[in-house]
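Worksheet: one structure, shown below.
Read-outs: derived from the displayed coordinates by stated rules, not from any lab. Everything numeric in this text was worked out from a predicted model, so none of it was measured. Here Cβ is always computed from backbone atoms with ideal geometry, including for glycine, and neighbour counts include all displayed protein chains.
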Amino acid sequence: MVALYIVTVFLSASLLFMVQPMAAKVILPLLGGSPAVWNTVMVFFQAALLAGYAYSHGLSRRLSMRAQVAAHVVLLSGAALLLPAVLPAGASPPADAGPTRWVLGLLLVMVGGPFVAVSTTGPLLQRWFSFTAHARSHDPYFLYAASNAGSLLGLLAYPVVVEPMLNLREQAWAWAGGYLALIVLVALCGVWARARRAPAGGAESPRLASASSAGEPVVSAAGSPPARGRWCERALWVGLAFIPSALLLACTQHLTTDVASIPLLWVVPLTLYLLTFIIAFSGRFAGSLRAWSVAGALAAGAIVVMFIAPPTTALDLILGGHLAVQFLLTMVCHRRLAACRPAAGRLTEFYLALALGGVLGGAFEALVAPAIFDRVIEYPLAIVGACLVRAGWRRSRQSPGARLLSLALSTLPATVMLLVVALLGAIADRSATVYYSEGARLAWGAGAGALLAVLLSGRRVPFAVSILLLLLVGELEKARTSDTRELRRDRTFFGVLVVEEDHGPNGREHRLMHGTTNHGYQIMEDAFRALPTTYYHRAGPVGDVMEAMRDRRTRVGVVGLGSGTIAAYARPGDAYTYFEIDPGVQRIAEDPRLFTYLPDARSRGASVEIILGDGRLTLAARPEGSFDLLLIDAFSSDAIPVHLLTREAVAMFLARLAPGGLVMIHVSNRHLELAPVVARIAESLGAPCLRREDSGDDGVRYSSEWLVLGRGPGTLEPLSLPESWRPVPLEPGDPLWTDDRSDLLSVIRW
């Protein structure tokens, strides 16, 4: 009957990881694509998971086995009355207050009860199994590996199977069916546990055997430490869960913004995170903690080089390196968690500590770090933290004073290297760069030697300190050797914004960067300052439409501000309205020391207004017929806000047009074929649609792909657009995206 328990925990974990994206997708069209929506949803589910684990712990400590089974089946059955998880009738966000509380309340009504009930199942079933007379009842943690395997399946199955096949209402009913099956399985597990109960209470008294092939002991309930020692043990559990959680989110943010914005890339770090749990708690297949620690240390040493490599150099190698270090260091933490897991008598307490650590790690990354750091410092800090908790392979018996001296001596080469690079940087400011380059290579060689020496010493604290120093040196190296000058750096809720100054063939140039994405570019010399650049060049698609609508484009709406480049087309009397979600972008675009598109447009007599908020929501609040031309360009590199490319969204865009008005949608993307999506929507709405693909011709005019849609039949015919504007050929399988169904996998350029 072990298979019954494995199937049950597997199903419960799969349901948990399927309901999260499903619920978020229900709410998304109501609140737009703001990251705040996703972060609020994640905070809710992390808090709900913590509540479920707290319930499991309290139930297992206070009730008998028979009462536990009865109470849990009643809880699951009661929560089933709240299914299916569909949007309540009349639900709408508040117009005069922040939506955070509303989102939390809506999630609580939609899925709160069933989610908490399902989240309790894993710990409780492991506890029940420990009471049985089964040969493995003394160590039920192998069921945790099965639980994480179910989580992994749910994570991968949603975008690959569930989302393409079912709309949201069908998904809700399918999830409800899985939930009802779970109730039956849980009841059978409870009956079997009571029938096979061990005479002496199962596995509460025996001490667990060694946890791994390396011989790491497991702390058990028998002979447990005193109160002070137990609190230290709990703090260790929380810390070992905190570091991987923070590392997961920090690595994901770094990869998707500073390395490559690839669709669904965020799934890969989360998959590796779950995989480490499966391996760490799989028993005989978990491997040695010290072996994982050595591998993690080597990966941490190698990642230092990755931090100074240009983002466009060896992209596959850079992605693989960061994913490898995330996997190996997470594996170190989770393997150590498995090594110090308690006996079954404290199992629910152990999982409660893990949930708390996960919540704190996520909160640190999502809430604390953006408030205290102006760049993604939390990622290197998480790497250093993982290096600190790895197992050393040389045990020191030195006195505290001798250990301090050893630490100083071990880190001395890296410290000297840091000072040398700083000195060489100061020299480089007053002399030729070649001296610094040669000196920097010498310093890096010394630093590599220091790192190797500390690594071979097997002492984790000196090694972690050396990694930290090397990462600091990497930042200095990038800053000193960069060809650009940083004018401003802002970190907002939505990411890190950097304005850089460079010198090109036409003089000074300013660029607004978000990770590797260019959000605006202006030549600051007077002769070129009014030139629209990048995707908005006069010889490109935007220039075509602007010229064709010269006599009837006085009211222009733009979703996505950037540096305000489109305002270069503004004439006296024109009204330009921007819809921008990030206040940091507005501050930068309005600063004439950084970009002058908006101030220059106002000085020419145009009206320029910026409305903060999600583009879909704020635009929907405008009256119908408000604009002659509407440009949708709110995409961040290759990460697209899907809610702006659904049938409902495009219908709303068209409704905001005056008679004869046009909508332009920017669909340039390296990884997704978006033109057929928009063309299919236009076809379903009876709106004419044309596309132009522009290859660009120099560093000022970028390659781009735009579509133009008219409000009704014949709208595009009076325009004198070049022959390069052509209809989009549609295939029978091209998808029609709606708020109820959209599928990124179907449009990926494989």
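Counting neighbouring Cβ atoms within 10 Å and putting the fewest first, the residues I523, I303 line up as I523, I303. By the scheme Lys and Arg +1, Asp and Glu -1, what is the net charge of all other residues having a beta-carbon under 13 Å from that of V2? So the surrounding residues net to +1. Taking R0 as 41 Å, what FRET efficiency do you get between V160 and D526 from their Cβ-Cβ distance, rounded to the nearest 0.05? FRET efficiency, V160 to D526: 0.15. Note on D591/I748: beta-carbon distance plugged into 1/(1 + (r/R0)^6) with R0 of 45 Å gives a FRET efficiency of 0.75. Summarising the label geometry, the points placed 7 Å from Cα in the beta-carbon direction at A658 and N167 lie 3.6 nm from one another. Applying 1/(1 + (r/R0)^6) with r as the Cβ-Cβ distance of F285 and L685 and R0 = 51 angstrom yields a FRET efficiency of 0.40. From the Cα gyration tensor of the range 113-156, with a ≥ b ≥ c the square roots of its eigenvalues, which class applies: rounded if a/c is under 1.5, or else prolate if a/b is larger than b/c, or else oblate? Oblate.
With 10 angstrom as the radius, rank V238, V499, V118 by how many other C-beta atoms surround their C-beta, starting from the fewest. Walk me through the intermediate numbers first.
Numbers: V238 20, V499 23, V118 27.
The order, fewest Cβ neighbours first, is V238, V499, V118.
Charge dipole (Cα centre; +1 on Lys/Arg Cβ, -1 on Asp/Glu Cβ; no other charges) of the range 504-747 amounts to roughly 560 debye.
Label-to-label distance, A80 versus F373, with points set 7 angstrom from Cα along the beta-carbon direction: 4.6 nm.
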